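The values are calculated or read from the model by the stated rules, or taken from the named source; none is laboratory data. Computed from a predicted structure; not experimentally measured. Quick reminder, even Gly has a Cβ in these numbers, built from the backbone with ideal geometry, and neighbours come from all protein chains shown.
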Amino acid sequence: MIKHALDKLITVLYNTDVMKNMFTLAQVVRCHRAEQQLSLRSFAEALNKNLINTGITFNTIRNWENDAYPSEPRMDVLFECIATYNDWRARFAADCLRAMYPDLIGSKIVIHVPTAG
């Protein structure tokens, strides 16, 4: 299970179209929310759908989107999104990781991240 999730993470990080250029976390959130045409509340609900104790609310999404608060998604939640979902939510999580840790992704330490459908 863990190996499968890691393989999927690696594919997602390297194959998402949104992150061909470097974006900030706020830009990633705005872009994905606009692409899905979801309200702040609906976006948070979609991310939470099959996950437990994420702490993601519409206020959390608003803070990420506006850089209004020194808040970032929890890494464990992002990994869980990648492991759980096979859609835009996995791509969103991978794009967040890329925006939050560009040096790690570009360093070849992480060399392969799965593509979500």
When F43 is evaluated against the numbered criteria (1) under 14 Å from the mean Cα position of the chain (by Cα); (2) at pLDDT below 90, which criterion, by number, is the only one it fails? (2)
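Condition check ((1) part of a loop (DSSP other than H, G, I, E, B); (2) modelled with pLDDT of 90 or more; (3) surrounded by 15 or more Cβ atoms within 10 Å (Cβ to Cβ)) across all residues:
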{"site": "H4", "(1), (2), (3)": "no, no, no"}
{"site": "V12", "(1), (2), (3)": "no, no, yes"}
{"site": "M22", "(1), (2), (3)": "yes, no, no"}
{"site": "H32", "(1), (2), (3)": "no, yes, yes"}
{"site": "L38", "(1), (2), (3)": "yes, yes, yes"}
{"site": "N50", "(1), (2), (3)": "yes, yes, no"}
{"site": "A68", "(1), (2), (3)": "yes, no, no"}
Do you know which residues across segment 82-99 are touching a Cys at 6+ places or on another chain (Cβ under 8 Å) and of a type in the set (K, R)? R89
Is it the case that some residue within segment 74-81 is in contact (Cβ under 8 Å) with a residue 60 or more places away in the chain and in a helix (DSSP H, G or I)? yes
